[in-house]
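Trainee: Mind having a look at this structure? Questions to follow.
The values are calculated or read from the model by the stated rules, or taken from the named source; none is laboratory data. Just so you know, these numbers come straight off a predicted model, no measurement behind them. Here the Cβ is made from the backbone with ideal geometry for all residues, glycine too, and neighbour counts use every protein chain on show. These area figures cover heavy atoms from the full protein model, side chains too; ligands, DNA and RNA do not enter into them. Shrake-Rupley method; radii C 1.70, N 1.55, O 1.52, S 1.80 Å.
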Amino acid sequence: MDTTHPRDDQAATALPGLTIVQHPLVKHKITMLRDRGTSTKGFKELVDEIAMLMAYEATADLPLSPCVVETPLERAHGWQVAGKKLTLVPILRAGLGMVEGILRLVPSARVGHIGLYRDHDTLEPVDYYFKVPADATERDFFLLDPMLATGGSAVSAIASLKRVGATRIRLLCLVAAPEGVRRVHAAHPDVPIFCAALDRELNENGYILPGLGDAGDRLFGTR
Ligand code: PRP
Ligand code: URA
């Protein structure tokens, strides 16, 4: 184990396009998520909570338009989120764990799905499903996947969204490897990446170190 305590906020300055969410609750919950002793139930709850906290940050610059609201006492000036509704797009399987937490913050969001898995030998993504709302050109997309490892899955998913006309896409992941961040940014420099932790590296099987293991298996108890 590396006994130094890395300052991931500093590491992030070297990675264009990446925002590491610095909230203490996120750091605390990510640490619990990494713990091999965390149960499937606990893992699912933590992914849900961290996704919600990340969405709070990833929506911080949403445009607002002024509006007027009638309180029980008088008319007041207020604000509403402007523009089209958000669309959440989890990458199956593990991205599914991030959907409900974000929907609690943005209940009107639509949900698309992209099915991809990594080939065990080549580590390249294999496509098996794609469904998003028809009017993609006018929507804001949050692409969700807990793990950004080699970046192959995210690069492919973003390309699929762009093929149907998406122009405003953000990638939200929980744990990222520097390799994956660089690959996504090189292929899609217009896509901001948000993560809760930037880890050290990938091992020879493409797993993130220190990471949290196989996110899909831990989330759905399939190991
Ligand atoms: C995991 C993870 C990402 C992908 C990341 O999914 O949820 O989608 O690997 O790896 P990459 O950045 O190297 O592409 P996996 O392929 O294990 O599929 P699963 O969710 O169906 O288990
Ligand atoms: N996918 C995972 O679930 N975990 C990793 O560490 C890498 C890819």
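Trainee: So which chymotrypsin sites (Phe, Trp or Tyr not before Pro) in the range 124-212 end up in coil per DSSP with only 13 or fewer other C-beta atoms within 10 Å?
Mentor: Numbers: sites: 128, 129, 130, 141, 142, 194, 207; in loops: 207.
Here no chymotrypsin sites (Phe, Trp or Tyr not before Pro) fit, given the DSSP loop and packing criteria.
Trainee: Quick one: angle between helix 24-34 and the longest Cα principal axis of the chain, in degrees between 0 and 90, rounded to 10, please.
Mentor: Compared with the principal axis, the helix lies near 40 degrees.
Trainee: Now for a different question. Hey, which lysines would be in cross-link range of residue 85, C-alpha to C-alpha under 28 Å, not counting anything within fewer than 8 residues on its own chain?
Mentor: The reachable lysines, counting only those whose Cα sits under 28 Å from residue 85, are 44, 131, 162.
Trainee: Per DSSP helix of 4 or more residues, -39500 (n - 2.57); summed, then divided by the residues of the chain. What does that give at 222 nm, rounded to the nearest 500? Numbers along the way, then the final one.
Mentor: Numbers: 7 runs with 70 residues, N = 223.
It lands at -9000 deg cm²/dmol.
Trainee: If you don't mind, there's one more thing I want to ask. Expressed as a whole percentage, what fraction of the accessible surface of the chain belongs to carbon and sulfur atoms when a 1.4 Å probe is rolled over the protein heavy atoms? Don't skip to the end; give the middle numbers.
Mentor: On the way: 6630 of 11880 Å².
Whole-percent figure for carbon plus sulfur exposure: 56.
Trainee: Would you mind estimating how fast the chain diffuses translationally, via Stokes-Einstein at 10 °C and 1.306 mPa s with the Kirkwood radius over Cα pairs, in µm²/s?
Mentor: The diffusion coefficient I find is 88 µm²/s.
Trainee: Then there's this: Can you tell me how much longer the chain between residue 122 and residue 167 gets when fully stretched, taken as 0.36 nm per residue apart minus their C-alpha distance, in nm with one decimal?
Mentor: 13.3 nm
Trainee: Let me ask you something else. Can you tell me what share of the DSSP beta bridges in the chain is antiparallel? A percent to the nearest 5 is fine.
Mentor: About 40 percent, rounded to the nearest 5.
Trainee: Moving to a separate point now. May I ask you to list the GluC sites (Glu not before Pro) in the range 42-118 that are in a DSSP loop and have at most 11 other Cβ atoms within 10 Å of their Cβ?
Mentor: Hits after loop and neighbour filter: 74.
Trainee: Angle between the Cα long axis of helix 152-163 and the longest principal axis of the chain, 0 to 90 degrees, nearest 10?
Mentor: 30 degrees
Trainee: Could you tell me what percent of the DSSP beta bridges with both partners in the range 67-133 are antiparallel, to the nearest 5?
Mentor: DSSP beta bridges in the range 67-133 are roughly 70 percent antiparallel.
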